[in-house]
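The values are calculated or read from the model by the stated rules, or taken from the named source; none is laboratory data. From a predicted model like this one, the values you see are computed outputs, not experimental measurements. All Cβ positions, glycine included, derive from the backbone under ideal geometry; neighbour counts span all protein chains shown.
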Amino acid sequence: MSYLLASASLIRLQLLRAANLDVTAVAPRVDEDAARDALQAEAAYPRDVADTLAEMKARKVAERHPTQLVIGCDQVLSLGERIFTKPANREDAIEQLQSLRNRTHRLLSAIVVYENTEPVWRYVGSADLTMIDLSDHYLSDYVDRNWDSIRHAVGCYKLEEEGVRLFSDIRGDYFTILGLPLLPLLAWLRTRGMIAA
């Protein structure tokens, strides 16, 4: 069986394909910033923001491909009630990392699956990450060295790269941290008989 991934994220596509799923990525073309801003204006919880954005993406792609099973994903980084977005520039990245250092933040990774243009399954995974107390000099050098890679990453780091050096403690599923709670998705696909058990 083939699936559509309503995401432009290369890492999500790689994770699904590494699990031997036949997946094609389709950019959902939704205004994430406007939706996130509206949700925050309504004081939505970070978990609900991630879930809503994942559903918006899945629905948008499902409308264009009504016979396909569509997997929508989104990830939100929260520090208390503050939600972080992808950095606008290097200075923004450094400022975000300065806000996160010596503190614990939460990553919330949501999946919403659409089948026959209807939502049939959803899941939100969470992980808590504690960043060490890094110097301004190190953070600036880190951003300069890694900008091309981290500029599209919420939180301005990638755990699968040098970003792992920023942390003293990580509690949560590795795949959730990468933006796709893969194990719950695979379990659901098995219960539906879509992949072999």
Working only within segment 184-197, note down all residues that are among the hydrophobic types (A, V, I, L, M, F, W, C) and surrounded by 15 or more Cβ atoms within 10 Å (Cβ to Cβ).
Leu185, Leu186, Trp188, Leu189, Ile195
When the residues of segment 177-191 are narrowed to those that are of a type outside the set (A, V, I, L, M, F, W, C) and at pLDDT 95 or above, which ends up nearest to Cys73 (Cα to Cα)?
Pro181
Does Tyr157 count as of a type in the set (Ser, Thr, Tyr), closer than 23 Å to Tyr142 by Cβ and surrounded by 14 or more Cβ atoms within 10 Å (Cβ to Cβ)?
yes
Just to verify a result, which residue in segment 160-182, among those that are among the charged types (D, E, K, R) and surrounded by 14 or more Cβ atoms within 10 Å (Cβ to Cβ), is farthest from Ala6 (Cα to Cα)?
Glu162
Subset of segment 1-28, residues under 21 Å from Asn116 (Cβ atoms), under 17 Å from the mean Cα position of the chain (by Cα) and touching a residue at least 24 places away in the same chain (Cβ under 8 Å), comes to Leu4, Leu5, Ala6, Ser7, Leu16, Val26, Pro28
How about segment 95-119: which of its residues are more than 12 Å from the chain's Cα centre (by Cα) and surrounded by fewer than 18 Cβ atoms within 10 Å (Cβ to Cβ)?
Glu95, Gln98, Ser99, Arg101, Asn102, Arg103, Thr104, Glu115, Asn116, Thr117, Glu118, Pro119
Determine, yes or no, whether Tyr174 is on the phi < 0 side of the Ramachandran plot, out of contact with any Ser or Thr (no Cβ under 8 Å at 6 or more places or on another chain) and modelled with pLDDT under 95.
yes
Pairs where the first residue, in segment 140-168, is assigned to a strand (DSSP E or B) and the second is aliphatic (A, V, I, L, M), C-beta under 9 Å, 6+ apart:
Phe167/Leu129; Phe167/Met131; Phe167/Ile132; Phe167/Leu159; Ser168/Met131; Ser168/Ile132
Being out of contact with any helix residue (DSSP H, G or I) (no Cβ under 9 Å at 6 or more places or on another chain), farther than 21 Å from Arg165 by Cα and of a type outside the set (Val, Ile, Thr) is the requirement here; does Ala110 meet it?
no
